[in-house]
1. By count of other Cβ within 10 Å, fewest leading, how are L215, L353 ordered?
2. Explain nothing, just the number: dipole magnitude of the stretch 38-259 about its Cα centre with +1 on each Lys and Arg Cβ and -1 on each Asp and Glu Cβ, in debye rounded to the nearest 20.
3. Each residue of the stretch 227-240 in turn: what ³J(HN,Hα) in whole Hz from Karplus with 6.51, -1.76, 1.60 and θ = phi - 60°, glycine and Pro shown as x?
4. Restrict the search to the stretch 34-92; then list the trypsin sites (Lys or Arg not before Pro) that DSSP places in a loop and that have at most 14 other Cβ atoms within 10 Å of their Cβ.
5. Could you go through the stretch 177-183 in sequence order and give the Karplus-derived ³J(HN,Hα) for each residue, using 6.51 cos²θ - 1.76 cosθ + 1.60 with θ = phi - 60°, rounded to whole Hz, and x for Gly and Pro?
6. Loop-only check: which GluC sites (Glu not before Pro) in the stretch 133-170 are DSSP coil with at most 14 other Cβ within 10 angstrom?
7. Can you bin the chain into rounded, prolate or oblate? Criterion: square roots of the alpha carbon gyration tensor eigenvalues sorted a ≥ b ≥ c, rounded for a/c under 1.5, prolate for a/b above b/c, oblate for the rest.
8. What aspartates and glutamates does K337 reach when the alpha-carbon gap must be under 12 Å and sequence neighbours fewer than 8 apart in one chain are set aside?
Amino acid sequence: MKKDSHGGNIYKKAKELGISPEEIRDFSANISPLGLPPQIRQAVIGSLEGLVNYPDPECRQLREAIAENDGVREEWITCGNGGADLLYRIAFGLKPGKVLLPVPAFVEYEEALTAAGAEMVYYRMGEDLLPGEDLLGGITEEIDMLVLCNPNNPTGLLLPRDYLLKVMEKAEKAGVYLLLDECFLEICMEEESHTLIPYLGRFPHLMILKSFTKLYALPGIRLGYLLSSNPDLIGAVDHAGQSWSVSTIAQEAGICALSLKDYKRRVKEEIARELVYMKDAMASLPVKLYDGQANYLFFRAPGCRDLDKQLEKRGFMIRNCSNYVNLGEDYWRIAVKDHSANLQLMEAMREILNHVDGKEKLSDGNRLTAGS
């Protein structure tokens, strides 16, 4: 059985607690606080008549919609059954021998790559949890692939475009693939000034992973895509998966989602407002909070290694980050949800964290770090 390596498993938690999944307030998975758009719901219903036929294996209409939305060529796109499916297809399609991975990083990168036989070479980020200039020195011809996530999962910290371009130029010269995960970037207000999509044509070793899951609240449908200007790379990833990996329902949902420009704007504005509120609320707590820009916040609660268990008693589910390489047992991640839910979580955390026995003391200067 596949191990539980990330958040959102409300079914397992509900069984453990002896309650229904609907009773859990899930802050472990970072889904749009506005919920599933009604237009997508209708598109899914409207697609049911087409279920008597196989889905289009080339996702032609969906790729056409993505190409228009992202300003890229249709042949630069391949679609998959969620971002996780594409990670495995990248791993088995490209078969990298050595992979350079700044940590902490999304657990599934390593799971997919090692399943395909890759050797992981860790670059351990310092206390600020940001890669430095010395990462460039690790990009050599001995490395086959570098994986970066912008904003990072789990920290939510953004890497400047200028830094990413320096990394990409070094990777291109060394013949190293850069897998850049931008699945959370489209939720950030700074999306346009940070994405590397405009540089795909310049760097054939660059590939960008995107997903519909978080922005459009579609984790149950499973839909993602990969961008690359390298036809051999796209072909290798395509051939590493089955022909009908994207269902008719998923394709129609994706086409509809890309037309919802106002919904995307409202999600980004809501997240930006709630990030301000939650950061202000957490400033008075005994935590070390990182200045994330995604729809989640990452922090350390020194001396509190059972925050998740205490919150579960109050009906909340959060993400313990101890299974990320380079993190300890008192690192946590919480999603940004609607204001009412965020208020309730902040009150529960205040009750718990201000009464932790033997908790380490943090100076005011340590409450907000890394990019603040």
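1. Working: L215 24, L353 21.
In order of increasing Cβ crowding within 10 Å: L353, L215.
2. Details: 16 positive and 32 negative charges, 52 e Å.
Approximately 240 debye in magnitude.
3. After applying 6.51 cos²θ - 1.76 cosθ + 1.60, I find 10, 6, 8, 8, x, 5, 5, 4, x, 5, 5, 4, 6, 7 Hz.
4. On the way: sites: R41, R60, R63, R73, R89; in loops: R73.
Listed in order of number, the matching sites are R73.
5. Values, residue by residue: 6, 10, 8, 10, 8, 10, 4 Hz.
6. Working: sites: E133, E141, E142, E169; in loops: E141, E142.
When the GluC sites (Glu not before Pro) of the stretch 133-170 are filtered for loop state and at most 14 Cβ neighbours within 10 Å, E141, E142 remain.
7. Working: a/c = 1.73, a/b = 1.24, b/c = 1.40.
Oblate, because a/c is 1.5 or more while a/b does not exceed b/c.
8. Output for K337: D26, E270, E274.
Each reported figure results from applying straightforward, stated rules to the coordinates on display, with no laboratory input. All figures in this text were calculated on a predicted structure; none of them were measured in a lab. With ideal geometry, Cβ positions are generated from the backbone for all residues, glycine too; neighbour counts draw on all protein chains shown.
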